[in-house]
Amino acid sequence: MQAVFPLTFAALLFSAGVYGVLSRRNAVLVLMSVELMLAAVTVNLVAFHGLVASEAGDPLLSGQVFALFVMGIGAAEVGVGLAIVLLLYRNRATVNVDDADLMKY
Amino acid sequence: MWEASALTITVFLPLLGAALITLIPKAREELAKPVALVVSLVAFALSLAVLAGYYLGPAGGEGLAYQLRVDWIPIIDASYHVAIDGISLPLFVLSFLLTFLCAVYTFHHLEAPGRPKAFLSLMLLLQTGMAGTFVAFDLVLFFVFWELVLVPMYFMIGIWGGPRREYAAVKFFLYTLFGSVFMLVAFIALYFAGPGTFDIVALQEAGAAGEFGLTFQRLAFLGIFLGLAVKVPMWPFHTWLPDAHTEAPTVGSVLLAGILLKMGTYGFVRIALPILPEAAVEYAPIIGALAVIAILYGALCCLAQTDLKRLIAFSSVGHMGFVMLGIATLTPVGVNAAIFGMIAHGIITGMLFFVVGSIKERYHTRAIADIGGGVLQTMPRMGAVLTFVAIASLGLPPLPGFWGEIVALYAAFNPAPALVDAGFLTFFRVLMVLGAIGTVLTAGYFLNMLQRVTLGTAPARWREAELRDISAIEWGAWSPLLVMTVALGVVPVLVFGITDPAVSAVLTALGVS
Amino acid sequence: MFSEWAWLIPALPALSVLIIVFSGRALPWKGAEVGIVALLASLGLSLGVAWEVFSHNAGVTQGIGPAGDADAAPAGAEAFLLERGLTLTPLGGDLAVELGMRVDGLAAMMFVLVTAVSLMVHIYSTGYMHGDARYTYFFALLSLFSFSMLLLVIASDLLVLLVGWELVGICSYLLIGFWWEDKHNQDASIKAFLTTKLGDVGLVVGIMALAGMFGTFSIQGVLDGVAAGDHSQALLTFALLALILGAVGKSAQFPLHTWLPDAMAGPTPVSALIHAATMVTAGVFIVARLFPAYQAAPVAQGTLAIIGAITLVMAGLLALVQTDLKRVLAYSTVSQLGYMMAALSFSYVAGVFHLFTHGFFKALLFLGAGSVIHAAHSNHMTEMGGLRRVMPVTFWTFLAGSLALIAIPPLAGFWSKDEILVAALEAGGYTGTVVLVLGALGGLITAFYMTRALYLVFAGEFRGHGHPHESEPAMTAPLIALAIPAVAIGWINLPFPALQPLSLSSWVMFDVDYWVANPVELNAVVAVIATVLALAGVLAARAIYREAPERDPLLHLGLLTHVLQRRYYLDDLYTDLIARTAVRDKLAPAAVWFSDRVLDGAVYWSGRGTYELGQGLYATGDQRGIDGAVNGLGLSALWSGARMRLAQSGNVQLYAGALFIGVFVLAVVFASGA
């Protein structure tokens, strides 16, 4: 299998996630962008497992297992993140991240 | 038994007293004064017993006595090593004397906010730190005592001080700490570069045997120099001193000028010179030059002062300059003169701060212009004492200031052979002439001060105020210092006789003189 | 026998100080009697010592006889010298300070002078200071001064000598500012102390250099070292020149003389004791003490001659135009000290002899002036006049002192001044000629101003206020007592070879060889010329001042007056043009201007400049510069913190952006590194 395709795809996906995290002001959209980045990492893990680990012999299937881990953590992270966003909305009546700048000097 | 434990008992007795004072209930706070008086008197008596025993006991007036060496932190070979010799003995006794007299003085006056319990326990804690510094023969122990002194003095200035007390206290603390950090680094470097011990005697032997390389010596000396120079204070590290002195309460000023400054100069004689002799020869011209700058500079700054306490604080810069000039010559004569100068300055300037503190207490101002002259009219005895002490401070023979200054100048004319070989003979002779010019400036600002404070006709508001002349308690606190001023001046052998054998022994071992 | 006990001479006044300080007020005479008794005992002992030294030295010199050679002296004969001492303190190494006494002819002579004058001043002060609020304090200071001066004289160690030297300085300071309520007195006292202290820089440097060269503070050690000749000539000259600076300050020589006239702000007995007879001669004394060393350094000796010659003429000119009686005497003292300094450049005996005679007659003049001032309630001669009739004792004694000062034979001043001129003539050369010519000229000037003072004070009508009357016996008795030496003390050193072994020159000699090499001789030409010049001065002044507006009683002195009156017309040209116009109206004011503006201005402006320098240094250098740097370090931390914290915006996306950029940079770095 060619490595170019999955890696390029993952890089594009990651870049889209970074762009979203940095540019979106809506907290929900920022969270979704974070999910995109996680998805890019998952793609990389699976792809490298197919490319490297299968040939070297990897009885633990660590690449695949990590992909499942990332999904689990991603779900937990979205849960916590949405909870924070929800609290933010209740207290501030907004989900704009620019308004949430309490942790400054 | 006494031989081994004398120093420990004497040094830690004030600490015990401080603990005792903190147990006094707040309702009976005034009780702290007699307790502190008794403790400091007993400690002073013990220090006199140490002095007497040094001559009458097995030491017979020479070498180290009252040695006690107990393992403390064996893994770095730091020990609780205390001892005393002719170099530290006069300073040791002086510290106890001044603390005792300060305890007497607090009966007369204690600055707002009062609270004698807190003040006196701090003072006794300070005493332990000061005395400990002079008997410590282990660098770690020395450093612990050295830093121990900072804390009580910080609170003394910060709580009982004048209007700008917080600024002065923080500046005093941070500046001194800044210097000591370099000193600590140098101490640790000595441990690793030398025989792997913090014991001063062992390190001195290593230094005399040439175990330290020249480059190492230069760096280590620089570190120790920074720590000590801030404390002395040498020009240009002196600016904490006027602020601290000006703001400190009277007792704080007396102890600061009388003892704390000497810890720096003592460190040069005890640590820097014997352990790092070759670097000392290289640094001596620089130290000498800075010392002479301090003499001239301090005197010039005194001429500009409008604040009485600040003027005397700046005069300390000049006087310590003479002490450092004596040390810089690296000769027995010079170091003897330096120790004499330390004692003389401790007595005379301590006394000056007492008098000025009492004047301030009555006039409620330190500004010379507000006092407006005529103290001899409003308080004849106070004016006479101030005149006497000021004249002693300007180095009039045969009072103690004279011996310190003039012998230091002689030493500068004939510096150590090592310095002569290095081609610094003419340099030191020029320093001598400049130092001699400094004596004129010193006379100038003191006479100027006397004219503005004591002479002339007192302003009407002060004549009507009916200021109280020296009280009985003040006489009690001052007369020992006044008597000692005359006695040490007329019989200088009282100090030179103690220091000379020890100084000659230390410097001969180095081979620089 | 007495000499062994010579240490009591300074010790008794020291004891007196303690007694007066601790119990003076309780005594019936408020402490004055303690000082008088102590000084009386010291004087007695001094005379004993003097006799002992004299009989020893005369015994030695009589064996040689006049114009003999030293080999004729009895075997092992030396000038009297007794050194006793105990170690005051070791200073490290072999160096020590000796608290010792060095009794020789010079010390014996100074003992007599100091104790005698001090005793007279003590007695006089009981009258003069009567009723003063600080009467006891005054006597304590007088005793302290006597002790200090005697300590200076007796010291066998240069450091102890320095102790005495500084102590007399502080006594002078305290006594000039005795009436310290007045700003003028305070300023005068500070000026005196600081000016002499400036000279002391030289003294300290000189003493340190000598001690450093020879490794001892002992005077004998230094002299032995110089005699051994194993030293750097340049360093010796430097040390002795530095010592001259100290002597110049203390003895009020050009250019540090300006403090002495101001020092007249002190009580008059103090002026007599300190600023005429004793303390100001300390500079001369130290040069005499180290005379053998000076002989080994011709440059230093020449400097002495030049300084002395300049001073004696310049100060004399200044005295011409003073209206304050004490200032006339003060400038006169400066001038006479100039003679002594110049003399020490050639002849030890001449300088020391003049010191001795001058001490007596100048003390007399000052005490007389005090008596006059007491009566007239003013220092100014414009408010005096006609006091001869109401104050006969003061007048006659003052006249004796004046004539001694003017050097009219056979009074004291004549013999000593003549000896100086003869010594200068014999020395010859450049410096000798200068001293001879200026010294003779100085005699003329001296005569002129003293005569003028006499006329203004005692002749004519009283121009002041109130009714002056003769002073009380406590004040006149010392005048009479001092008038005797003013007339006769010069006879102890008559310049006749036959008398020389019995005279002052053998009494005060420090070395038999020196004594033989420097015989005392009368030079008739010099004596006549000097006397003629002195008389000319007297007559010139007389010609001018008897024409004062008020009736001048000296106009009616009979034939002599008429003869001189005719000469007045003959001398009109000289008096008007030279004495009055040129000297009095041009030269003397110019000298005053130079002294007051240029020299005193330099003193003032150097003081002022130092003060301003201190102000500037403190404000700019210390508070802004050094302390600024210290505070700046702290402030810079605060400042940079305040700037840096702005980056902490709280915007999570900014942080994340920075994080991504950082990761990107690291990735690129690692990638390129790999």
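The table for this structure:
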item: Unique match (being out of contact with any Gly (no Cβ under 9 Å at 6 or more places or on another chain), crowded, with 22+ Cβ neighbours inside 10 Å, small (Gly, Ala, Ser) and within 25 Å of residue B:364 (Cβ to Cβ)) among B:168, B:118, B:112, B:103; result: B:103
item: Hits in the range B:433-462 (condition: within 10 Å of chain C (Cβ to nearest Cβ) and more than 29 Å from the chain's Cα centre (by Cα)); result: B:455, B:456, B:457, B:458
item: Unique match (being touching a strand residue (DSSP E or B) at 6+ places or on another chain (Cβ under 7 Å) and at the interface with chain B (Cβ under 9 Å from one of its Cβ atoms)) among C:159, C:198; result: C:159
item: Residue within the range B:48-63 that is surrounded by fewer than 22 Cβ atoms within 10 Å (Cβ to Cβ), under 24 Å from residue B:484 (Cβ atoms) and under 20 Å from the mean Cα position of the chain (by Cα) present; result: yes
item: Enumeration of residues in the range B:422-437 that are part of a helix (DSSP H, G or I) and at pLDDT 90 or above; result: B:425, B:426, B:427, B:428, B:429, B:430, B:431, B:432, B:433, B:434, B:435, B:436
item: Answer from C:17, C:53, C:21 - the residue that is surrounded by fewer than 24 Cβ atoms within 10 Å (Cβ to Cβ) and at negative phi; result: C:21
item: Flag for residue C:235 being within 11 Å of chain B (Cβ to nearest Cβ), assigned to a helix (DSSP H, G or I), surrounded by fewer than 21 Cβ atoms within 10 Å (Cβ to Cβ) and in contact with a helix residue (DSSP H, G or I) (Cβ under 9 Å, 6 or more places away or on another chain); result: yes
item: Cross-chain or 6+ apart pairs with Cβ under 9 Å, the range B:375-404 first and more than 11 Å from chain C (Cβ to nearest Cβ), then charged (D, E, K, R) and not in a helix (DSSP H, G or I); result: B:378/B:466; B:378/B:469; B:379/B:468; B:379/B:469; B:381/B:469; B:382/B:469
item: Yes/no for residue C:654 being within 14 Å of chain A (Cβ to nearest Cβ) and not small (Gly, Ala, Ser); result: yes
item: Answer residue from the range C:481-518, given it is free of Cβ contacts under 8 Å to residues at least 40 places away in the same chain and under 21 Å from residue C:411 (Cα atoms) and is surrounded by the most Cβ atoms within 10 Å (Cβ to Cβ) among those; result: C:503
item: Members of the range C:638-651 that are at the interface with chain A (Cβ under 10 Å from one of its Cβ atoms), at negative phi and either assigned to a loop (DSSP other than H, G, I, E, B) or aliphatic (A, V, I, L, M) (or both); result: C:642, C:644, C:646, C:647, C:648, C:649, C:651
item: Checking residue B:176 against (1) away from chain C (no Cβ under 14 Å); (2) in contact with a Phe, Trp or Tyr (Cβ under 9 Å, 6 or more places away or on another chain), the condition it does not meet; result: (1)
item: Any hit, the range B:321-339, residues being away from chain C (no Cβ under 14 Å), more than 27 Å from residue B:278 (Cα to Cα) and in contact (Cβ under 8 Å) with a residue 40 or more places away in the chain; result: no
item: Enumeration of residues in the range C:165-190 that are of a type outside the set (S, T, N, Q), buried (at least 23 other Cβ atoms within 10 Å of the Cβ) and either in a helix (DSSP H, G or I) or within 18 Å of the chain's Cα centre (by Cα) (or both); result: C:165, C:166, C:168, C:169, C:171, C:173, C:175, C:176, C:177, C:190
item: Test: residue in the range B:438-459 that is modelled with pLDDT of 90 or more, in contact with a helix residue (DSSP H, G or I) (Cβ under 6 Å, 6 or more places away or on another chain) and among the charged types (D, E, K, R); result: no
item: Test for residue C:75: is it more than 14 Å from chain B (Cβ to nearest Cβ), modelled with pLDDT under 90, part of a loop (DSSP other than H, G, I, E, B) and surrounded by 21 or more Cβ atoms within 10 Å (Cβ to Cβ); result: no
item: Test set (1) of a type in the set (Val, Ile, Thr); (2) more than 13 Å from chain C (Cβ to nearest Cβ); (3) more than 23 Å from residue B:486 (Cβ to Cβ) - residue B:430 fails condition number; result: (2)
item: One residue from A:52, A:30 being without any contact (Cβ under 8 Å) to a residue 12 or more places away in the chain and either under 24 Å from residue C:649 (Cβ atoms) or part of a helix (DSSP H, G or I) (or both); result: A:52
item: Candidate set: the range B:475-488, residues that are surrounded by 15 or more Cβ atoms within 10 Å (Cβ to Cβ) and within 24 Å of residue B:85 (Cβ to Cβ); chosen: the one nearest to the other protein chains (Cβ to nearest Cβ); result: B:488
item: Qualifying position, being on the phi < 0 side of the Ramachandran plot, out of contact with any Phe, Trp or Tyr (no Cβ under 6 Å at 6 or more places or on another chain) and surrounded by fewer than 17 Cβ atoms within 10 Å (Cβ to Cβ), among A:36, A:60, A:31; result: A:60
item: Residues that are buried (at least 17 other Cβ atoms within 10 Å of the Cβ) and under 9 Å from residue A:40 (Cα atoms), drawn from the range A:3-19; result: A:10, A:13, A:14, A:17
item: Some residue of the range C:340-359 being surrounded by 24 or more Cβ atoms within 10 Å (Cβ to Cβ), closer than 20 Å to residue C:455 by Cβ and at pLDDT 85 or above; result: no
item: Those residues of the range B:202-260 which are of a type in the set (D, E, K, R) and farther than 21 Å from residue B:340 by Cα, in sequence order; result: B:205, B:211, B:218, B:243, B:247
item: Test: residue in the range B:123-139 that is among the β-branched types (Val, Ile, Thr), over 24 Å from residue B:45 (Cα atoms) and either away from chain C (no Cβ under 14 Å) or outside any helix (DSSP H, G or I) (or both); result: no
item: Selected residue (only one of A:68, A:88 is in a helix (DSSP H, G or I), surrounded by 12 or more Cβ atoms within 10 Å (Cβ to Cβ) and modelled with pLDDT of 90 or more); result: A:68
item: Residue check for residue B:237: within 14 Å of chain C (Cβ to nearest Cβ) and either at positive phi or out of contact with any Pro (no Cβ under 8 Å at 6 or more places or on another chain) (or both); result: yes
item: Some residue of the range B:248-260 being within 13 Å of another protein chain (Cβ to nearest Cβ), crowded, with 24+ Cβ neighbours inside 10 Å and more than 21 Å from residue B:430 (Cβ to Cβ); result: no
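The values are calculated or read from the model by the stated rules, or taken from the named source; none is laboratory data. On a predicted model such as this, the values are computed, not experimentally measured, just so you know. With ideal geometry, Cβ positions are generated from the backbone for all residues, glycine too; neighbour counts draw on all protein chains shown.
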